[in-house]
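The values are calculated or read from the model by the stated rules, or taken from the named source; none is laboratory data. Since the structure is predicted, the reported quantities are computational estimates derived from the model, not experimental observations. Positions of Cβ are generated from backbone atoms using ideal geometry, with glycine treated the same way; all protein chains shown enter the neighbour counts. Surface accessibility is based on the protein's heavy atoms, side chains included, excluding ligands, DNA and RNA. Shrake-Rupley method; radii C 1.70, N 1.55, O 1.52, S 1.80 Å.
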Amino acid sequence: MSGGVSRTTSFVAFSLASTLMAVSLVPFSGQKAWAQDEPPQSEASVISPVAASSVEKTGGPVRLLPRRLTPKRGPDAASLDVGLDSDLSSKVDAPLDADVVEMGENTLASPTAILGPPVGADRFKLLSAPPGGDGSGIQVGVLGRVDEASVGLLSHLDGGLGSTMWLGTDRALVEEGLSALHVPIEGRSLQELTKRFLLSTATAPGGVTQGRSLLALRLEKLNAAGLSDQVRRLVRHAGLKRIAPETSVQIARAFLANGDKMDACRFLSALPAGGDVAGDPVAAFTMKMTAYCQMIGGDGVAANLTLDLAREKGLDAPLFFALMAKAIDGITLPAKTPERLSVFDLMLYDEARQTVPTDVVSRVELAGLPALARNIRHPLAIQLAAGERAAGYELISGAELGDLYLTASAAGGNEGAGFARARAYRDIMNEAVPQKRSRLVSGLVGSVPDGLVRRALVNVVQPALATAPPARAVLEDAPQIIRVLIEQGDRVRSGMWLNMVRETGAAAPGLVQLELMHLILTLPDNGLVVPEKASQLLLSATREGGFDRDFAAVCAVLFDPLGIALDGAVWPAIFDTGNPANGAMPNEDVMQRLAAAGNAGKRGETVLWSLLALGEKPLAEVHPQAVAAVATALRQVGLRDEAKAMVLDVMLAKTSTVGS
């Protein structure tokens, strides 16, 4: 389409263009037959342009998607009822009598598989074009609303928190807590607990609702944590029959994050028409997606008209308008890059063939990091930075980051810390002598402070350390290697390296801290097998003074809720040598609710308040008493291993901050 398309559309031009589109896409002979009474104000509505040749053929109006996206009905004119694309739906999951929808050359899905059968024609009202004029072919329908809160991916046998996790918990409380939950939370164990919490299949909590969809809240947090692939899996397996508009927004965002733009557009039919695009995020997203889906469907005229309507309604999205103009007409419009970029923004940069900002990795939401790392259109420096950050959050595997490192190491003339780490990783993988390889691993991981990059490096060097036995030749690197192995959860190899250091009698710095962390890593469920050893280590650390003494003060608080009974001499020794451990206490109301939920055995609520309590501050800054309270509550609801893993994460976070 040429750049001459007017961007200030008059009523006449708008109506004429709409009529032309309608003529090319669908006969309008049946439009009047579809006009019905205004739906009740309390019911949610969807915008649904006409996509059927006649009422008699289709059994009711169907939303119009652009030509390349519009499903074709089978001869029996049954409801659209198929799975999503081939990587999302399996033949096992699809019903045998499902009607196939043809999408160009591919057999893809309609959201009707999830939304259920189309709503009858009596639920639709024909609107005019522009909304308020005649001849648009745009329909507004009514979405049924079903409680989606129970769906999930994880049963109790799969690592879920159990079908009764919300027993005795008020729904409004859950909605409030989920809305306030900050993700991602620092620490591998807490990230895993968050994922299990959000994906658990459970009976919905009872009580009065505040009007929020619990499924939408859960999907919002999964997307915010970068787990959009899990959203896609949930959609495939859940078998939802009706989807609330805010839920559809989150599902569409997840598909966009995974590059499934065609499937994202198919959820447009579940989004409500109208609304205040200037103040309602759902309405704004719907308007943007409408224009985007028209564009990728090859209908630039319709996309431009939608963009004009969006401007008239006050949509404030300069970057969106600029990238759409570039993608459709090749027009360059000025637009300031917003502080935060969404996965939708990344898709638009690709469609417009525009270079992303150099600082895109720090701007983009987490769900966009894997796509940035994998997209070879981007400069290698951006791919590398995105890959390290994604691996730090475990959104890509250590093996995938390793491949990216090897690619970057082969690119000449590149400077920067990321490329230096890539070359160091290449040297590690090329080194055949285990002792030399261990030393290189220690140097690489020790070159970065605690944080996302370090966590990424811990993951990527795991294969290299797995074949490197303890050796006195690398004694000076042993503390760093032991900590890496503890972070990896390798109790066996970390124990082997600790034994090697003990046998030498060398005074390795921070050795007692590593001993204390290894003790928790190998702690049996009852915690009573090692009380003497724990007390000995704490007393030894107290005598060492400095950081070791401060770390002992932290551990003494954390050990009690794990069931480790300490010798009576431990606490006097701690108080005689310095101040007790300190830190920031979480919100008092959250801590009170946590204690009450744990005492009442409410598992879901206990996990929710635990995540809220530990998500306010970096783990290194949280008061040990708060961590102990969380561990106590988790154990009260049967999550003993989770409590132990969480305590270990806090200890790892505090090793570099105690005494500072």
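Brief remarks on what is shown
- Residue that is modelled with the highest pLDDT, among those in the stretch 278-300 that are outside any helix (DSSP H, G or I), open to solvent by 10 Å² or more (accessible area, probe 1.4 Å) and touching a helix residue (DSSP H, G or I) at 6+ places or on another chain (Cβ under 8 Å): Asp299
- Among the residues of the stretch 205-237, those identified as over 10 Å from the mean Cα position of the chain (by Cα), more than 17 Å from Ala180 (Cβ to Cβ) and hydrophobic (A, V, I, L, M, F, W, C) are Val208, Leu215, Leu234, Val235.
- Restricting the stretch 289-339 to residues that are among the small types (Gly, Ala, Ser) and within 26 Å of the chain's Cα centre (by Cα), the residue that is farthest from Thr358 (Cα to Cα): Ala291
- Qualifying residue in the stretch 206-216 (condition: assigned to a helix (DSSP H, G or I), open to solvent by 20 Å² or more (accessible area, probe 1.4 Å) and modelled with pLDDT under 95): no
- Taking the criterion of being farther than 16 Å from Gly563 by Cβ and either free of Cβ contacts under 8 Å to residues at least 60 places away in the same chain or not in a helix (DSSP H, G or I) (or both), the residues of the stretch 621-643 that qualify are Glu621, Val622, His623, Ala626.
- Filter result (open to solvent by less than 30 Å² (accessible area, probe 1.4 Å) and either in contact with a Ser or Thr (Cβ under 9 Å, 6 or more places away or on another chain) or closer than 21 Å to Cys555 by Cβ (or both)) within the stretch 491-510: Ser494, Gly495, Trp497, Leu498, Val501, Ala508, Gly510
- Every residue from the stretch 261-308 that is under 15 Å from Leu348 (Cα atoms) and basic (Lys, Arg): Lys261, Lys288
- Val458, sole failed condition from (1) assigned to a loop (DSSP other than H, G, I, E, B); (2) crowded, with 17+ Cβ neighbours inside 10 Å: (1)
- Annotation: Phe255 fulfils all but one of (1) closer than 19 Å to Gly160 by Cα; (2) of a type outside the set (Ser, Thr, Tyr); (3) within 14 Å of the chain's Cα centre (by Cα); (4) at pLDDT below 95; the unmet one is (1).
- Cβ-Cβ under 7 Å pairs, at least 6 apart or on other chains, the stretch 469-495 side free of Cβ contacts under 8 Å to residues at least 40 places away in the same chain, far side charged (D, E, K, R) and assigned to a helix (DSSP H, G or I): Val474/Arg439; Asp477/Arg439; Leu485/Arg493
- Scanning the stretch 486-494 turns up no residue that is in contact with a Lys or Arg (Cβ under 9 Å, 6 or more places away or on another chain) and farther than 22 Å from Ile564 by Cα.
- Any pair with Cβ under 7 angstrom, 6 or more apart, that starts in the stretch 224-249 at a residue that is at positive phi and touching a residue at least 40 places away in the same chain (Cβ under 8 Å) and ends at one that is open to solvent by less than 40 Å² (accessible area, probe 1.4 Å) and hydrophobic (A, V, I, L, M, F, W, C): Gly226/Leu366; Gly226/Ala367; Gly226/Leu369; Gly226/Leu395
- Matching residues in the stretch 461-486 - criterion: being in contact with a Leu (Cβ under 7 Å, 6 or more places away or on another chain), farther than 16 Å from Thr504 by Cα and surrounded by fewer than 22 Cβ atoms within 10 Å (Cβ to Cβ): none
- Filter result (assigned to a loop (DSSP other than H, G, I, E, B) and either among the β-branched types (Val, Ile, Thr) or open to solvent by 30 Å² or more (accessible area, probe 1.4 Å) (or both)) within the stretch 167-183: Leu167, Gly168, Thr169, His182, Val183
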